[in-house]
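What follows is a single structure, written as structure tokens, with notes after it.
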Amino acid sequence: MRLLMLGGTEFVGRAVTDAALARGWDVTVFHRGRHAPPPGARTLTGDRTAGERGLAALAESVQDWDLVVDTWSGAPAAVRDAARLLSGRAGRFSYVSSRSVYAHPAAPGLDEDGPLVAGASPDDGAGVPYDRAKRGGELAALDAFGDRALLARAGLIIGPGENIGRLPWWLSRIARGGPVIAPGRPGTELQYIDARDLAAWILDAAAGGLHGAYNTVSRPGHTTTGELLESCVRVTGSDAELCWTEPEVLLAAGVEPWTDLPVWLPPGELYDTLHRGDSTRAYAAGLRCRPAAETVADTWTWLCGLGGVAPRRPDRPAVGLDPRLEAKLLAL
């Protein structure tokens, strides 16, 4: 298989390129040149935000591809322009979308037929809300590739290479040891996907000719808050003590779910939306999610290899609980 990865040097894109290279695929990475491309991949350089001029290297290339994979999350013009350019030169187009494209609130168990947000127009510039940008990207992919387009609607994505900082923050905080605020109750069910499992499924799905939308995320309850954080304690070897704290106490103290305490959401509509979605269709199409303990251990190994400091996307805010607020909570 000949793969063109739009991006491919960080997190999900890097997981896709690494998985394809491991399979012996012929891989071309089109990126801005800000990070080193994976060893073994061909490289084309350009800036998709610069319109046709930024796609010159793609336009001038004489190569065709069996599959294009795109993870773009900004204004959908970038997806539109690339997909139109490549529609006659690539067999299939897989777009890494998001379950955020479902109209909020998404009911527990919502499948791919649920109501969707309005997609942003390709003419919209920077600052498009994430959910509308992703839906706009979906529409652009479908417009150019039709039933050759695959929409992988991922949920929370974690694992080695994560440049958002959610699991890396928990690992770093727990590694410091001592009492640690643990949100809610240990049995609270979580839903997510390891970037490597998402990458493997995308490649398998493309090779199998799948198209249309799939909720690519683990089954609800694939792990729990307790299992995730206890795995962090084990792999770091720290003396951390998890201090389980009720949601009402955290919210009253001004703790922001999802950002101050990554991954955590209190019971309610947002929790149902993020952690109780239906993934039956993707599992029936071969999705397999590795145990949480493996994801945690591999992420810790990767993080240690970087000296304990994970990369972070500049367009995303920092996450993690302020130590002063944590100390205040621990003193209650």
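The values are calculated or read from the model by the stated rules, or taken from the named source; none is laboratory data. On a predicted model such as this, the values are computed, not experimentally measured, just so you know. Positions of Cβ are generated from backbone atoms using ideal geometry, with glycine treated the same way; all protein chains shown enter the neighbour counts. When the accessible area is computed, the model is the full protein with side chains, heavy atoms only, and any ligands, DNA or RNA have been set aside. Shrake-Rupley method; radii C 1.70, N 1.55, O 1.52, S 1.80 Å.
Taking the criterion of being closer than 18 Å to residue 155 by Cβ, of a type in the set (A, V, I, L, M, F, W, C) and part of a helix (DSSP H, G or I), the residues of the stretch 203-236 that qualify are 205, 228. So which residues in the stretch 39-49 are open to solvent by 40 Å² or more (accessible area, probe 1.4 Å) and not in a helix (DSSP H, G or I)? 39, 40, 42, 43, 45, 47 - these are the residues of the stretch 39-49 that are open to solvent by 40 Å² or more (accessible area, probe 1.4 Å) and not in a helix (DSSP H, G or I).
Being open to solvent by 40 Å² or more (accessible area, probe 1.4 Å) and aromatic (Phe, Trp, Tyr) is a description that applies to residue 302. Residues considered: 206, 297, 293. Of these, the only one that is at pLDDT below 95, under 27 Å from residue 13 (Cα atoms) and either open to solvent by 30 Å² or more (accessible area, probe 1.4 Å) or more than 18 Å from the chain's Cα centre (by Cα) (or both) is 206. Summed over the stretch 81-114, the residues that are within 15 Å of residue 142 (Cα to Cα) and open to solvent by 50 Å² or more (accessible area, probe 1.4 Å) give a count of 4. When the stretch 178-199 is filtered for residues that are part of a strand (DSSP E or B) and touching a Phe, Trp or Tyr at 6+ places or on another chain (Cβ under 7 Å), the ones remaining, listed by number, are 182, 183. Taken over the stretch 281-308, the criterion of being under 24 Å from residue 230 (Cβ atoms), free of Cβ contacts under 8 Å to residues at least 24 places away in the same chain and of a type in the set (A, V, I, L, M, F, W, C) is satisfied by 304, 306. Selection of first residues in the stretch 242-262 that are modelled with pLDDT under 95 and of second residues that are not in a strand (DSSP E or B), restricted to Cβ pairs under 8 Å at least 6 apart or on distinct chains, gives an empty result. Each residue in the stretch 24-40 was checked for being among the small types (Gly, Ala, Ser) and at pLDDT 95 or above, and 2 of them qualify.
Residues are listed down the side, and each one gets a yes or a no for (1) open to solvent by less than 10 Å² (accessible area, probe 1.4 Å); (2) among the β-branched types (Val, Ile, Thr):
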| site | (1), (2) |
| --- | --- |
| 217 | yes, yes |
| 221 | no, no |
| 232 | yes, no |
| 241 | no, no |
| 248 | no, no |
| 261 | yes, no |
| 270 | no, no |
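Scan the stretch 11-32 and tell me whether some residue there is closer than 21 Å to residue 136 by Cα, open to solvent by less than 10 Å² (accessible area, probe 1.4 Å), in contact with a helix residue (DSSP H, G or I) (Cβ under 8 Å, 6 or more places away or on another chain) and not in a strand (DSSP E or B). No: zero hits. The single condition among (1) open to solvent by 10 Å² or more (accessible area, probe 1.4 Å); (2) under 21 Å from residue 196 (Cβ atoms); (3) part of a helix (DSSP H, G or I) that residue 52 does not meet is (2). Considering 94, 73, the condition of being assigned to a strand (DSSP E or B), under 19 Å from the mean Cα position of the chain (by Cα) and within 26 Å of residue 129 (Cα to Cα) is satisfied by 94 alone.
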